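A.B. asks: Can you read through this structure? Questions will come right after.
The values are calculated or read from the model by the stated rules, or taken from the named source; none is laboratory data. Here the structure is a predicted model, which means the values were calculated and not measured. Neighbour counts run over all protein chains shown; Cβ positions are idealised from the backbone, glycine included.
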Amino acid sequence: MPKPLIIVESPAKARTIAGFLGGEYEVASSVGHIRDLPSTAAEIPKRFKDEPWARLGVNVESDFEPIYINTRGKSTVIRELKAKLKDAPELYLATDEDREGESIAWHLREVLKPKVPVKRMVFHEITKTAIEEALANPREIDEQLVDAQETRRILDRLYGYEVSPVLWKKVKPRLSAGRVQSVAVRIIVERERERLAFVKAGYWDLTATVAEGDCDDRSFEGGLRSVDGIRVASGSDFKNDGTLKKDVLVLDEEAANGLAGALAESSFRVTSVETKPYTRKPYPPFRTSTLQQEAGRKLGFTASRTMRAAQRLYENGYITYMRTDSTNLSGTAINAARTAASKRFGSEFVPDKPRFYGKQVKGAQEAHEAIRPAGDEFRDPGIVARKVDADEGRLYELIWKRTLACQMADAKGETLRIVMEADATDGCLAEFTSSGRTITFPGFLAAYVRADQGAGKDDDERHLPQVAEGAVLTACGIESVGHETKPPSRYTEASLVAELEKLGVGRPSTYASIISTIQNRGYVWKKGSALVPSFTAFATTDLLERHFGDLVDYQFTADMESDLDRIAEGSEERSAWLRNFYFGEDDDPGLKPQIEGRLDEIDPRVVNAIPIRGSDIVARVGRYGPYLERDGVRASLPEDLPPDELTAEKCEEFLAVAAAGPREVGTDPESGMSIYVFNGRYGPYVQLGEQEPGSKKKPKRASLQDGMTEASVTLHQALELLEWPKLLGTHPDTGKDVVVSPGRYGPYVNSEKEYRTLADPDRLHDTTLERAVLMLTLPKGFVLLGNTKADGKEPLGLDEEGGGVWLLRQRKKYFVWDEEVMASLADTDDPEDISLMRALELLQQRRESLRDTDEG
C-alpha cells in the first residue's frame, strides 16, 4: 500500500523521525539544499550566458529573478525523491521552520512538481509527540518567508559578486567581500587599530593585610583607595594613549614604596562597615548566540563546533531546534524544568510562580522556543552522555543546566564593604577598602555547581570577618604592587558573536558560518582563542571604508536586516527594495553606480599601505603577501605576524635582513657548493649553489618549514630540507619512480605527471611507497586523511573483505572511500568524529544509489 512521503533535510533527522512513525510513512532526506544560484561561469545555463547580468546568476533587468540550478551532486537525490513520490498519496515537507528551511521546502515543491496534496509539516523538537502533532496540524508553505530568504540570497550574491572584483583589482586576486563578512572583518580590524594606537602606562598601588588582634587566619586584605582624599589611579583611569581621563593620584614605584614604609607600623581604624542584601537572578534560557558564547567561554568550543554538536543533538531528539532568536519557553518546557529542579535540588529551590522570558532580539523568527532539552521530561545529562559523543554530551549538560536554572529561585546573600584609615609617619592619611560577598541561599546557582564543590559555592564569594565601625586593626603587612595598562583585548569567537548581535549585524543563525568564512578566506587567523586580522584584512577594510563606506557601516548593515525582516512580515516589497539597493534612486546611489563611478578613483598604493607608527616605513599588501617598503628596499612579512607586533624596531630588522641579501648558511659537504637562505615571494627558502648567468635551470631549492626563520636556519636543517624530493620506489603498475617532496602548497607525492597532496606536513617523513601508490589512485583534488584519531596514519578501519576504509577531503568537502566506491559525508557528519560504522553505512547507500542508477 502506498505511503505518504515525508522529506527532511538530513539522513539523521530522517532516521529519527522514521523510528517514531514505524512503517506508516516513507521518510526521505534531501541532504540539504537541492537548488541554488550558479556559482561558476560553467554552471550558468546556456540560454543566459550572453546576458550582461549572467555572471550574477540574477536577472537584474527583470524583477531580480534568480536563476536556479540543481546543486552539484544532487541529481541523484532528486531522481530518488521523484521515484519515492511517484506512488505517494501525500507529500509532507518537514524541513526546519525558519527562513532556510522554508526555502528548502519551496524548492522541493518547485523541483518535484508533485501531483498530490503538499503539506508543510513543522516542529521544534524531534520527539514522538511533536512529530504526531505536526502531522495532525500541517500548514501551507509561507511564501513571505520564502521571499525573505530569497531576497537575502540575492542581496548577498549582488554584494559579493559586485564588490569582490574590486578587491581583486585593487588589493589582490581571489579575495571576497560579503554583506556581513566584511563588517565582521572591520570590527576585528578596528580593535587591532586600537591596539596599534595603544600607549602603555604604569602605575602602583598598595595592598594592606590587616587583622583585629593577632595576625591569624582572620586577617584580610584591603586595597589603597585614596591619599589625603585624592583617589589613587587604577587601570580604568587611563585612556588608550596613556593619558589620564580625570584628576587622580598616580603613584610611581618610589612613591608607593615610600608610602608602604610610612604605613608599616600604623594602626588601621574602621571608619565604615556597610552591609547590603545581594540578589542574583538566573539568565534566560539559551538562544543561538548566547549558546555559542557560553559554549565558547565554558567549553572552549568554536561557534562552528557548537553548532555541529547542537545539530546532532537536535536531529537525534535530545534538544529543541538550535537556530532560534527566542528566549520563550512553552508551558510544557516550564513544567519540565520546574519538576526536574524540584526533584534534584528540593522544592525550596523553585519559586512559587514560573518565570517567563519574552523574545529579546529584534527580528526573532516566529514560533520558535529557546534551546532546551527536548520532551516533556528532561533526560539526565549523565544518561545522555553515555549515548552521544563527548562534544554532544558536554553541550547537552550546558543546555540542561541553563534550562533548569532559568526556572529556579534567585540566589540570595550579602555584600560587605569595609573602609579603613591609617595615618602614615609622613603625615599622609591613607584610605583602604575591602569588599566581600557571602551567599546565604544558592538558588539557581546550585544547578551550575558540581556536588563535590558544595551546594551554592560561587566563584565570586569572598568572606570577610565581622568587624565593627571604630575597631582598630593591626597592620600585618603592606605590599606595593606595580601595574601596567593593557591594550584592548582582541575579539574571541564568543565576544565577536556578542558584538555582532549588539550591533544588529547579520543573524545569530549565520554567525558560525561567518566566523568560519573570514578565517578560511585569510582575513582572520587565530592566536590561541583570539581573532587576529591579517594585513590583507587591513587593506580591504581601508578600501571599503574610504570608497564604499555604507557597505561596512554598522547602522547601514543593521538597517538592511530590519528591511529584510519587514519583507518577511509582508510590509516591504521585495523587488522595489532590491531595485533601490542595486540601482539606487535620486540622491541615493545604489551598489552598481557606486562601483562603476568610484572604481577608477581607488589608488591601490593608498589602500594597501599600512603606516608604521614612529617610522617612515610602510607595510603593504601585495599579490604575493604583505611586505615592508622604504626607499626602494622591500622585505617580506610573515603572514602570521600580528599587526600590533609590527613595531618600528621590528621593521628595521626585517629591512636590514633584506638589504643584506641572502645569507650563506654553510657548504654542502658532497658538492662543495654554498647553501644560501633567501626570502622570496612565497616565503623563505634555502638554495644549493647560485643561479648560473643565462641559464634557465634553477638551483635546487626547498622552502623553510614551520618554526624556521631566515636568521635561525642552520646548515644541518638546510641539508635536511635539500634532501627532498625523496625516492620511495617504483610504481607497481607503471614501473615509474614514485617520490615524496615538500612543496609550496604543502607536501605531495608524485609519479610522472600525477601529483597528490599530503594532508599533513608530518606525513612527509613517514609516507611509504604503499601509501603513495594508494594516494595516486585517487582522483585529482582529493587528499587522503585516514583516521584523524590515529593522526591520519591508519584507515578508519577495515571492511568485511579486509580492505581499508579511508577519510578523504576535496577542498572543503569530505568523503569516505573503500578504494573502490566513494561517498560524501552528510552535512551533519563531523569529519573529525566519523566512525567506521557510519562510513560503511554511507558507502552502502552510495552502492545502492549506483545500482539503482544502473538498473534505471
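A.B. asks: Conditions: (1) crowded, with 19+ Cβ neighbours inside 10 Å; (2) part of a loop (DSSP other than H, G, I, E, B); (3) touching a strand residue (DSSP E or B) at 6+ places or on another chain (Cβ under 7 Å); (4) not small (Gly, Ala, Ser). ARG179 meets all but one. Number of the miss?
C.D. replies: Looking at each condition in turn, ARG179 falls short on (3).
A.B. asks: Let me ask you something else. Go through region 216-247 and report how many residues are more than 24 Å from VAL467 (Cβ to Cβ), at pLDDT 95 or above and in contact with a helix residue (DSSP H, G or I) (Cβ under 9 Å, 6 or more places away or on another chain).
C.D. replies: Summing the residues that are more than 24 Å from VAL467 (Cβ to Cβ), at pLDDT 95 or above and in contact with a helix residue (DSSP H, G or I) (Cβ under 9 Å, 6 or more places away or on another chain) in region 216-247 gives 0.
A.B. asks: Scan region 411-419 and tell me whether some residue there is assigned to a helix (DSSP H, G or I) and in contact with a Phe, Trp or Tyr (Cβ under 7 Å, 6 or more places away or on another chain). It would help to see each step written out before you state the result.
C.D. replies: Taking region 411-419 as the starting set, the residues that turn out to be assigned to a helix (DSSP H, G or I) are none.
No, every residue in region 411-419 fails to be assigned to a helix (DSSP H, G or I) and in contact with a Phe, Trp or Tyr (Cβ under 7 Å, 6 or more places away or on another chain).
A.B. asks: Show me the strands (runs of 3 or more DSSP E) entirely contained within region 799-849 in which 2 or more residues are at pLDDT below 80 and in the same structural domain as GLU392 (by TED's automatic domain parsing). Let's see the steps before the verdict.
C.D. replies: Numbers: elements: 804-810, 813-817, 822-824.
It comes to none.
A.B. asks: Return yes when VAL505 is touching a Ser or Thr at 6+ places or on another chain (Cβ under 7 Å), in a loop (DSSP other than H, G, I, E, B), in contact (Cβ under 8 Å) with a residue 24 or more places away in the chain and in the same structural domain as SER562 (by TED's automatic domain parsing) and no when it is not.
C.D. replies: Values: touching a Ser or Thr at 6+ places or on another chain (Cβ under 7 Å): yes; in a loop (DSSP other than H, G, I, E, B): yes; in contact (Cβ under 8 Å) with a residue 24 or more places away in the chain: yes; in the same structural domain as SER562 (by TED's automatic domain parsing): yes.
Yes; evaluated as a whole, the condition is true for this residue.
A.B. asks: State whether one or more residues within region 608-618 are touching a helix residue (DSSP H, G or I) at 6+ places or on another chain (Cβ under 8 Å), over 27 Å from GLY522 (Cβ atoms) and not aromatic (Phe, Trp, Tyr).
C.D. replies: yes
A.B. asks: Now, a different point. Can you tell me which residue is surrounded by the fewest Cβ atoms within 10 Å (Cβ to Cβ) among those in region 55-69 that are in a strand (DSSP E or B) and free of Cβ contacts under 8 Å to residues at least 40 places away in the same chain? Break it down into steps so the answer makes sense when it comes.
C.D. replies: So the first thing to find is which residues in region 55-69 are in a strand (DSSP E or B), and the list is 58-59, 65-66, 69.
Checking the rest, the ones that are also free of Cβ contacts under 8 Å to residues at least 40 places away in the same chain come to 59, 65, 69.
Values: ASN59: 15, GLU65: 13, ILE69: 15.
Going through the qualifying residues, I end up with GLU65.
A.B. asks: Just to be sure I understand, how many residues within region 635-672 are in contact with a helix residue (DSSP H, G or I) (Cβ under 9 Å, 6 or more places away or on another chain), part of a strand (DSSP E or B) and surrounded by fewer than 17 Cβ atoms within 10 Å (Cβ to Cβ)?
C.D. replies: 3
A.B. asks: Okay, moving on. Please determine, by comparing only the residues of region 642-657 that are of a type in the set (A, V, I, L, M, F, W, C) and touching a strand residue (DSSP E or B) at 6+ places or on another chain (Cβ under 8 Å), which one is nearest to ARG193 (Cα to Cα). Let's see the steps before the verdict.
C.D. replies: Start the filter on region 642-657 by keeping residues that are of a type in the set (A, V, I, L, M, F, W, C), which leaves 646, 648, 651, 654-657.
Restricting the remaining residues to those that are touching a strand residue (DSSP E or B) at 6+ places or on another chain (Cβ under 8 Å) gives 646, 651, 654-655, 657.
On the way: LEU646: 12, CYS651: 17, PHE654: 22, LEU655: 23, VAL657: 27 Å.
Checking each candidate, the answer is LEU646.
A.B. asks: Could you check, for region 186-196, whether at least one of its residues is surrounded by 18 or more Cβ atoms within 10 Å (Cβ to Cβ) and either among the hydroxyl-bearing types (Ser, Thr, Tyr) or not in a helix (DSSP H, G or I) (or both)?
C.D. replies: No, the conditions are met nowhere in region 186-196.
A.B. asks: Six or more apart or on different chains, Cβ under 7 Å: which pairs go from a residue in region 765-794 that's surrounded by 12 or more Cβ atoms within 10 Å (Cβ to Cβ) to one that's among the aromatic types (Phe, Trp, Tyr) and at pLDDT 70 or above? Could you list them?
C.D. replies: Listed by first residue and then by second, the contacts come to LEU784/TRP806; GLY786/TRP806.
A.B. asks: Now for a separate question. Within region 204-221, which residues are of a type outside the set (A, V, I, L, M, F, W, C) and either surrounded by fewer than 18 Cβ atoms within 10 Å (Cβ to Cβ) or more than 41 Å from the chain's Cα centre (by Cα) (or both)?
C.D. replies: Within region 204-221, the first condition is being of a type outside the set (A, V, I, L, M, F, W, C), and the residues that meet it are 205, 207, 209, 212-214, 216-219, 221.
Hits for region 204-221 are THR207, THR209, GLU212, GLY213, ASP214, ASP216, ASP217, ARG218, SER219, GLU221.
A.B. asks: Among what's in region 584-608 and is touching a residue at least 60 places away in the same chain (Cβ under 8 Å) and of a type outside the set (Val, Ile, Thr), pick the residue that is surrounded by the most Cβ atoms within 10 Å (Cβ to Cβ).
C.D. replies: Across region 584-608, the extreme among qualifying residues is ASN608.
A.B. asks: Looking only at region 615-629, filter to residues that are free of Cβ contacts under 8 Å to residues at least 40 places away in the same chain and of a type in the set (Val, Ile, Thr); which one of those is surrounded by the fewest Cβ atoms within 10 Å (Cβ to Cβ)?
C.D. replies: VAL618
A.B. asks: Are any residues in region 423-449 of a type in the set (S, T, N, Q) and part of a strand (DSSP E or B), and if so, which ones?
C.D. replies: In the first step, residues of region 423-449 are kept if they are of a type in the set (S, T, N, Q); the result is 425, 433-435, 438, 440.
Of everything in region 423-449, those that are of a type in the set (S, T, N, Q) and part of a strand (DSSP E or B) turn out to be THR433, SER434, SER435, THR438, THR440.
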